[in-house]
Each structure stands twice: as structure tokens, then as C-alpha cells.
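In what follows, a single structure is set out as C-alpha cells and then discussed.
The values are calculated or read from the model by the stated rules, or taken from the named source; none is laboratory data. Keep in mind it's a predicted model, so treat the numbers as computed, not measured. Using ideal geometry, Cβ is built from the backbone for each residue, glycine included, and neighbour counts are taken over all protein chains shown.
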Amino acid sequence: MLVEVLHLLTTPIPWAHRRRGYLRESVLLLSRSRRCRAAWAGHLAESRAAVIAACAGLERRRVAVVLGSGLLQDVPLAHLAARFDAVRLVDAVHLWPARRQARAYPNVTLVTADLIPGRDGADSLAALCGSSDVDFVVSANVLSQLPILPLDRPGFVPPDLGARIVAGHLDGLARLAARVCLLTDVEQVEQDRDGRVTDRIDLLHGIGLGTPDRTWIWDLAPFGEAARHLRQQHRVQAFLDWRGP
Ligand SMILES: C[S@@+](CC[C@H](N)C(=O)[O-])C[C@H]1O[C@@H](n2cnc3c(N)ncnc32)[C@H](O)[C@@H]1O
């Protein structure tokens, strides 16, 4: 609890991002990732392996951009920093543990930006990763997260907002010239202790992705984390060379 308060008080973050709730969400994610370290290990290892496979064989390795770099748990940072001239880590918020990791590499920089399509400019992805020296882009388990806070805000929320945000990010990725590695959870399945499915949530709001190169299960909330007799698992998909749905 004390650690969470310290992060909330000391993390450098633009006021607009703090007001929209990104700092709070990131601190909660950090705490949960520590509680669920063992349960998340497989998912994080699969994600890092997919990124490493996706950038293998690239002819040019100038700039790599990681969208939704967050806590850097699913990002093989040492691998990217060793292979690319420069690595840019993009997120709405960078907590101190990620800042410390990034500082260990002189060619890694942090970019604080809102990835909601249209919010920080007409096409934020083109601005962040559209320059001709960017050879590799990773969308690192951020796609399903993008609609969460906008859908949670008070007042009228257009019914298609989630789908528009998801589609906007995918369209932005598909327009990039660089090789794009897309990692995303697509579905949440809630089960009781007898294995009965009690709930299913489409995390991409009806947007289909096609056939992934790899797929695995992320044990997001094992029994006892969100509820004593229920667990939540996410189905994750990896596309090593995303070119659009
Ligand atoms: C599940 S985490 C991704 C995991 C992350 N790659 C890691 O290794 O910790 C989702 C990330 O998306 C970021 N995020 C969510 N909405 C965002 C937005 N609108 N703009 C930028 N980043 C956003 C969060 O801050 C968080 O770091």
C-alpha cells in the first residue's frame, strides 16, 4: 500500500494522463503482477519469445518502437537494445521500475504518449512510428487496454466507442511500413472450481483478427485473486508480421 502511494506521488506523468486514470491503473497492474508472479510467468515468457521471433531476420535494425511498453515485463528489452540502434518505449505512464530498467541502456528512450487514435493528434501511430528509420514496431498487449478507461468515464459513452478505438489502433498499425508484431489478449473466460464457464468477455469489442501465428492462455486472475472460487483467464494471440485484418 505504501509503495503504491509512493508511486502515485512521485511518478512523473502529464496531468491529462493522471486525470484520465493511467497512473492509478499502472500502479494497480504493478501490484497485481507481483501478487500473480508465478501465474503470469508463462504469458510473459511467451510474449517475449514472440517479439524475439518477430524481429529475427530483419534486414535493417535501426529504430524499434514498443507501444504499451508499461512495466516492461513482456518486453525483451536487453534483446532489442542489443539488436537495434535505438529503442523507443511508448506508454501513457512509465513507473520507476521501468524507468530504471530503461536507464541501463544508452540507446533506449521513453516516450510518454496517449495511444488512443485521434486523441494526441490525427494519427498518433504515424507520428510515433511512421518515420522511415523505424524498422520494427511491437504493440505489446495494449490493444485490449485502450478502450477500458474511455468506456469507464462518466456520462454518455457511444455504444461503438470500444470497437472504434480497437479498429483505429489496428488500422494505424496496418499503415506502418515497419514490420509490426501484434500481441494482444482477445477474450476473457471466467471459470469456477468445477471448470464451468461462468462468463466470457470479448476484449476486442467484436473486431476479429484472423488466424494468429501463436496463441496461449494468460492466467490473469487465479482463484483467490479477483474472487475466491472464480478464476479469469485471457486468450492471447501473437501476430509476428501484422498486416491488418
Ligand atoms: C497490460 S499493460 C501491457 C503490458 C506491458 N507491455 C508490460 O510489459 O508491462 C497495458 C499498458 O497499456 C498502457 N495503456 C493503456 N491505455 C493507454 C493509452 N491510451 N495510451 C498509452 N498507453 C496506454 C498502460 O499504461 C499499460 O502500461
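Matching residues to (1) surrounded by fewer than 17 Cβ atoms within 10 Å (Cβ to Cβ); (2) at pLDDT 95 or above:
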{"site": "Pro147", "(1), (2)": "no, yes"}
{"site": "Val157", "(1), (2)": "yes, no"}
{"site": "Ala178", "(1), (2)": "no, yes"}
{"site": "Leu183", "(1), (2)": "no, yes"}
{"site": "Asp194", "(1), (2)": "yes, yes"}
{"site": "Ile217", "(1), (2)": "yes, yes"}
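Only strands (runs of 3 or more DSSP E) whose full extent lies in the stretch 62-170 are considered here, and the ones with at least 1 residues that are under 19 Å from Arg24 (Cβ atoms), acidic (Asp, Glu) and within 12 Å of the ligand (Cβ to nearest atom) are 86-91. All told, Ala127 meets the bar of being free of Cβ contacts under 8 Å to residues at least 60 places away in the same chain and at negative phi. The set of residues in the stretch 96-119 being surrounded by 20 or more Cβ atoms within 10 Å (Cβ to Cβ), more than 14 Å from the chain's Cα centre (by Cα) and within 15 Å of Gln145 (Cβ to Cβ) consists of Pro117 alone.
In the stretch 171-193, the residues that are more than 17 Å from Leu146 (Cα to Cα) reach residues that are among the polar types (S, T, N, Q) with C-beta atoms within less than 6 angstrom, at least six apart or across chains, in these pairs: Val189/Gln233; Glu190/Thr198; Glu190/Gln232; Asp192/Thr198.
Suppose we filter Ala221, Ala174 for residues that are within 16 Å of the ligand (Cβ to nearest atom) and among the small types (Gly, Ala, Ser); which single one remains? Don't jump to the end; show me each part of the working.
Values: Ala174 fails: within 16 Å of the ligand (Cβ to nearest atom).
Within the list Ala221, Ala174, the selection yields Ala221.
Which members of the stretch 51-61 meet the condition of being within 15 Å of the ligand (Cβ to nearest atom) and buried (at least 18 other Cβ atoms within 10 Å of the Cβ)? Working first, answer last.
Keep residues of the stretch 51-61 that are within 15 Å of the ligand (Cβ to nearest atom), which gives 51-52, 54.
Answer for the stretch 51-61, where residues must be within 15 Å of the ligand (Cβ to nearest atom) and buried (at least 18 other Cβ atoms within 10 Å of the Cβ): Val51, Ala54.
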